[in-house]
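Colleague: So that we are looking at the same thing, I have put the structure below in structure tokens.
The values are calculated or read from the model by the stated rules, or taken from the named source; none is laboratory data. Only a predicted model underlies this, so the values are computations on that prediction, with no experimental measurement involved. Here the Cβ positions follow ideal geometry from the backbone for every residue, glycine too, while neighbour counts run over all protein chains shown.
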Amino acid sequence: MLYCIGSAVADFPVESVGEVEDGGQVSDNKNLVGPASNNNLPVGQASNSNRPVGQASRLSDHTWMRHLPHYQLSSGYYFITFTTYNRLTLPPLQKDCVFNAIRFFDTEKYDLHAFVVLDDHVHMVINPLDTLSKIMHSIKSFTAHQINKSLKRSGKVWQDENYDRVIRDEKEYLETLNYIANNPISKNMVKIPEEYKWLYILGWIETNKL
């Protein structure tokens, strides 16, 4: 059972959403679904002081939608994927470390909208408050040190490269959140998003620290 984050601003048809592969590229995956908006609205800062709120609901004969604020263009939102070096598998305690670090930098280096920590890679949606290079250096350097220390190992933890792309409008924003929410389900880790410990969606699944 997959889940859908949607908007009640209009009656949106449900359409297929491309799946982002491990390297961050989008492929055609008909199993993931999300709402298609007729409003190609730029995504950036919300038009009011409230940060965007996500809501997921069970997809059966119909999909329930919830209102999301519309956006005015500012610095823009980014979808970022980064991967462990040589596909190093992160044990649960090390996933905790990555999760807590990403939550720690929220409001300091970026406004955090969603992320998921998987066995060997991480997906994030952020609105940067600093350069992407500084943001990724902060996350990677801190977590690499902590992970190596806890595993009594040395060497690289993360690949040097990151995949990032600008989220162009509200439709793409919702599709990306849908992808992140459904990622643990598509990998057969859990049956519902709330069961996955290392998932954060602003306004829905908001664990502060593990």
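Colleague: Can you tell me which residue within region 130-150, out of those that are out of contact with any helix residue (DSSP H, G or I) (no Cβ under 7 Å at 6 or more places or on another chain) and of a type in the set (A, V, I, L, M), is surrounded by the fewest Cβ atoms within 10 Å (Cβ to Cβ)?
Modeller: Leu132
Colleague: Select, from His121, His137, the only residue that is of a type outside the set (Gly, Ala, Ser) and touching a residue at least 24 places away in the same chain (Cβ under 8 Å).
Modeller: His121
Colleague: Right, another one. Which numbered condition in (1) surrounded by fewer than 18 Cβ atoms within 10 Å (Cβ to Cβ); (2) at pLDDT 95 or above; (3) part of a helix (DSSP H, G or I) is the only one that Gly155 fails?
Modeller: Condition (3) is where Gly155 drops out.
Colleague: Right, another one. Specify which of the listed residues (Ile139, Ile126) is over 13 Å from Leu199 (Cβ atoms) and part of a strand (DSSP E or B). Show your work before the answer.
Modeller: Numbers: Ile139 fails: part of a strand (DSSP E or B).
The unique qualifying residue is Ile126.
Colleague: Could you check region 190-210 and list, in sequence order, the residues that are surrounded by fewer than 18 Cβ atoms within 10 Å (Cβ to Cβ) and either in contact with a Leu (Cβ under 8 Å, 6 or more places away or on another chain) or β-branched (Val, Ile, Thr) (or both)?
Modeller: Matches in region 190-210: Val190, Ile192, Lys197, Ile205, Thr207.
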